[in-house]
Amino acid sequence: MEELKKKILSIFNDLEIYIRRDNRMFVNARKETVLSLLSYLKNLWYDHLGLISCNDWIDDSEFELVYILSAYMAKDEEYQEKEKRNIIIKTRIPRQKAKFITVIDIFKNAEPYERELHEMFGIKFEGHPRLTPLFLELEYDIPPFRKDFDTEKYVENNYGQIPTIKERKNNKRNERT
Amino acid sequence: MDRNQIGKWLKNPSKMANKYSFHVVYFCTGCGIIEIPPTITARWDAERFGIIPVATPRQANLFLITGYVSTKTLKAIIRTYEQMPEPKYTIAFGSCPINGGMYYDSYNTIKSLDKYIPVDGYIAGCMPRPEAIFIGVTHLWKLIDMDKADGYKRYREDYEFYRENQEQLFGELNWPPLFKNKGS
């Protein structure tokens, strides 16, 4: 793992890399270097994008995108079952009018992850072929996974306002009389 | 056959036949469906009670709502329920269809199911064990005997109110009403 760290740092000099466990490497990257870092790691046998995730740091008014990479067994010569390696790449983007560049060109399976992030956090991925709704049925003013989405208030204003059948009946009866 | 029930059979044979042959529609909503495989297979053997799962709602007359209902699932539940032939019965599992349960503040889960479709009985618990399902079903038999399991009749009678509630949640519904509104 230390060798890999040196190898990466020899090419990209503006990264923060720290190794928390033997098989897990955390990389803090600036948003400009993420794409080149991903394509470099892909050629370096880390060719499986496990997940794209997102954190909402509302106090810093920033989103943190997390890319988790791992290696398929066949290509990795040093690979052993004991040391299954993960590389976790974190980058921060501004929260206002959040947008980022899609990584579909590098990892094709990024498409549904980016659609999900667009739906749940409202991050626009430039170059994504279809940012259509994926999971949600209703429309929300604020994307529901953002920290400033007040779930209890939303529930009260929407589901709480729907009357029971008995109340509807009584209302109708009162209207007629 | 139980000799005490001969009178009931002679009086209303179709009701008794319905009661002892519940066909459950295969429909998985939420986490409670994990209780259905042990219930219908050899360990608890639901066929003793005449319960058998069927593939389509057109053949079914019992609808088990197993667990929380998200808004997307509710749309499918309404359409499935409307396709089932009468008489049809609904049993809701667990706390979530009653009042939201642990999803009381979820942005995407409806809080009480009986605002949208009629529910004949609830089985409380999270999740109810297969024994509780059988208690629920035998209790439903009693309700049918007393003509109190009248969910489908209520749906027919109050259809406009149910439809109004469904439309308040979803906006426009993209299927026509099942019954014509009377009165208005």
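Right, A:E152: out of contact with any Asp or Glu (no Cβ under 9 Å at 6 or more places or on another chain), of a type in the set (D, E, K, R) and on the phi < 0 side of the Ramachandran plot or not?
Judged against the criteria, A:E152 is not a match.
All but one of (1) outside any loop (DSSP other than H, G, I, E, B); (2) of a type outside the set (D, E); (3) crowded, with 17+ Cβ neighbours inside 10 Å hold for B:K142; which doesn't?
(3)
Pairs please, first residue from segment B:64-79 and surrounded by 21 or more Cβ atoms within 10 Å (Cβ to Cβ), second anywhere and of a type in the set (V, I, T) and in a helix (DSSP H, G or I), Cβ atoms under 6 Å, 6+ apart in sequence or on different chains.
Close Cβ pairs satisfying both conditions: B:T66/B:I33.
Considering only segment B:41-79, state which residues are over 13 Å from the mean Cα position of the chain (by Cα) and of a type in the set (S, T, Y).
Hits for segment B:41-79 are B:T41, B:T56, B:Y68, B:S70, B:T71, B:T73.
Scan segment A:120-131 for residues that are surrounded by fewer than 17 Cβ atoms within 10 Å (Cβ to Cβ) and outside any loop (DSSP other than H, G, I, E, B) and jot them down.
A:K124, A:E126
Go through the residues of segment B:41-60 one by one and say whether even a single one is in contact with a strand residue (DSSP E or B) (Cβ under 7 Å, 6 or more places away or on another chain), hydroxyl-bearing (S, T, Y) and more than 22 Å from A:K153 (Cβ to Cβ).
Checked segment B:41-60: no residue is in contact with a strand residue (DSSP E or B) (Cβ under 7 Å, 6 or more places away or on another chain), hydroxyl-bearing (S, T, Y) and more than 22 Å from A:K153 (Cβ to Cβ).
Given (1) more than 14 Å from every other protein chain (Cβ to nearest Cβ); (2) modelled with pLDDT under 90, identify the lone condition not met by A:H118.
With (1) more than 14 Å from every other protein chain (Cβ to nearest Cβ); (2) modelled with pLDDT under 90 applied to A:H118, the lone miss is (2).
Name, by its number, the condition in (1) within 10 Å of chain A (Cβ to nearest Cβ); (2) at pLDDT 85 or above; (3) surrounded by fewer than 17 Cβ atoms within 10 Å (Cβ to Cβ) that does not hold for B:R156.
The single condition B:R156 does not satisfy is (1).
Could you figure out which of (1) over 30 Å from A:S36 (Cβ atoms); (2) of a type outside the set (S, T, Y); (3) surrounded by fewer than 16 Cβ atoms within 10 Å (Cβ to Cβ) isn't true of A:K108?
Here A:K108 meets the rest and fails (1).
Looking only at strands (runs of 3 or more DSSP E) that lie completely in segment A:1-72, which have at least 3 residues being surrounded by 15 or more Cβ atoms within 10 Å (Cβ to Cβ)?
The strands (runs of 3 or more DSSP E) meeting that bar are A:24-29, A:48-57, A:62-70.
Please give the number of the condition B:D147 fails out of (1) surrounded by 15 or more Cβ atoms within 10 Å (Cβ to Cβ); (2) within 17 Å of the chain's Cα centre (by Cα).
Looking at each condition in turn, B:D147 falls short on (1).
Checking the structure you have, find out if any residue of segment B:87-94 is within 11 Å of the chain's Cα centre (by Cα) and closer than 29 Å to A:K153 by Cα.
yes
Kindly indicate which of B:T73, B:T56 is of a type in the set (S, T, N, Q), over 17 Å from B:R154 (Cα atoms), touching a Ser or Thr at 6+ places or on another chain (Cβ under 9 Å) and modelled with pLDDT of 90 or more.
Result of the check over B:T73, B:T56: B:T73.
Please work out if B:P118 is assigned to a loop (DSSP other than H, G, I, E, B), out of contact with any strand residue (DSSP E or B) (no Cβ under 7 Å at 6 or more places or on another chain) and farther than 26 Å from B:R43 by Cα.
Answer is no for this residue.
Identify all residues within segment A:132-176 that are in contact with a helix residue (DSSP H, G or I) (Cβ under 9 Å, 6 or more places away or on another chain), part of a helix (DSSP H, G or I) and within 7 Å of chain B (Cβ to nearest Cβ); write none if there are none.
Of everything in segment A:132-176, those that are in contact with a helix residue (DSSP H, G or I) (Cβ under 9 Å, 6 or more places away or on another chain), part of a helix (DSSP H, G or I) and within 7 Å of chain B (Cβ to nearest Cβ) turn out to be A:I165, A:R168, A:K169.
Restricting attention to segment B:119-128, does a residue exist that is within 12 Å of chain A (Cβ to nearest Cβ), of a type in the set (A, V, I, L, M, F, W, C) and within 23 Å of B:K153 (Cβ to Cβ)?
For segment B:119-128, residues within 12 Å of chain A (Cβ to nearest Cβ), of a type in the set (A, V, I, L, M, F, W, C) and within 23 Å of B:K153 (Cβ to Cβ): present.
The values are calculated or read from the model by the stated rules, or taken from the named source; none is laboratory data. Predicted, not measured: the structure shown is a model, and the values here were computed from it. Glycine gets a Cβ as well: all are built from the backbone with ideal geometry, and neighbour counts include every protein chain shown.
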